[in-house]
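Colleague: What follows is a single structure, and I will ask about it in a moment.
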Amino acid sequence: MTNIYLVNMIDIKRKTKADWEKEFKIFNINYKSTYKCLNNYKEFIKSTYKCSDYIITEEIVGYFTNKKTAQHMLSKNIYDVNDGGIYPYAIIIELPANVFYPESFSMAKRVQIYKFVKNSTLNTMIYKCLVDENGGFKKDNLLNDEEFIKVLFEYYK
């Protein structure tokens, strides 16, 4: 089977109480006051959607037929795709090609997560891969954002 590799730029943050309240107001406007209180709304959302405690913003910036090319293009276009620091993470997702609805295909998606970090040796910014080839956390990951990485794994499962 042929695969396609999507390169997504990602921003993630934990929802604040103000975020939940704003979302609740918009939901009630759109759906005519389905839920009367914020707590009931939160219970519904958390039971329905993965990673609902987070705001995840994503932008697909590339489609490739080769994983190495996707990785190379991410590193060569780092300042363009990072958009001035807006996207602290990049994800390369492997999906089947030549099928309808590849996101829902039964094969497990393979996801590589990268973090925008400063490389002190080169005195420049790079995207550092945070997962190994088997999809687990790299042992040498010294970044303190494991919470967000776990959420991104769950979100893209």
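Colleague: Just give me the residues in the range 103-119 being at pLDDT 70 or above and surrounded by fewer than 17 Cβ atoms within 10 Å (Cβ to Cβ), in sequence order.
Modeller: Those that are at pLDDT 70 or above and surrounded by fewer than 17 Cβ atoms within 10 Å (Cβ to Cβ): VAL117, LYS118, ASN119.
Colleague: If you scan the range 20-60, which residues turn out to be under 30 Å from ILE78 (Cα atoms) and not aromatic (Phe, Trp, Tyr)?
Modeller: Passing the criteria: LYS50, CYS51, SER52, ASP53, ILE55, ILE56, THR57, GLU58, GLU59, ILE60.
Colleague: Here's another thing I want to ask about it. Kindly evaluate ILE56 against the criterion of being out of contact with any Cys (no Cβ under 7 Å at 6 or more places or on another chain), under 19 Å from MET125 (Cα atoms) and touching a residue at least 12 places away in the same chain (Cβ under 8 Å).
Modeller: no
Colleague: For the range 61-79, which residues satisfy the criterion of being assigned to a loop (DSSP other than H, G, I, E, B), modelled with pLDDT of 90 or more and surrounded by 13 or more Cβ atoms within 10 Å (Cβ to Cβ)?
Modeller: none
Colleague: Could you check how many residues of the range 61-75 are among the aromatic types (Phe, Trp, Tyr) and free of Cβ contacts under 8 Å to residues at least 60 places away in the same chain?
Modeller: The total comes to 1.
Colleague: Does any residue in the range 34-52 that is farther than 16 Å from ASP19 by Cα come within less than 8 Å, Cβ to Cβ, of a residue that is open to solvent by 80 Å² or more (accessible area, probe 1.4 Å) six or more places away or on a different chain, and which pairs are these?
Modeller: LYS50/LYS157
Colleague: Pick out the one residue from ASN82, ASN123, ASN98 that is at pLDDT 75 or above and either of a type in the set (A, V, I, L, M) or open to solvent by 60 Å² or more (accessible area, probe 1.4 Å) (or both).
Modeller: Of ASN82, ASN123, ASN98, the one residue that is at pLDDT 75 or above and either of a type in the set (A, V, I, L, M) or open to solvent by 60 Å² or more (accessible area, probe 1.4 Å) (or both) is ASN98.
Colleague: Ok, one more. If I go through the range 9-60 residue by residue, how many of them are open to solvent by 60 Å² or more (accessible area, probe 1.4 Å) and among the β-branched types (Val, Ile, Thr)?
Modeller: 7
The values are calculated or read from the model by the stated rules, or taken from the named source; none is laboratory data. Just so we're clear, the structure is a prediction, and the values are computed from it rather than from any experiment. Heads up, the Cβs are rebuilt from the backbone with ideal geometry, glycines too, and the neighbour counts pull from every protein chain shown. Just the protein is used for accessible areas: all its heavy atoms, side chains included, with ligands, DNA and RNA removed. Shrake-Rupley method; radii C 1.70, N 1.55, O 1.52, S 1.80 Å.
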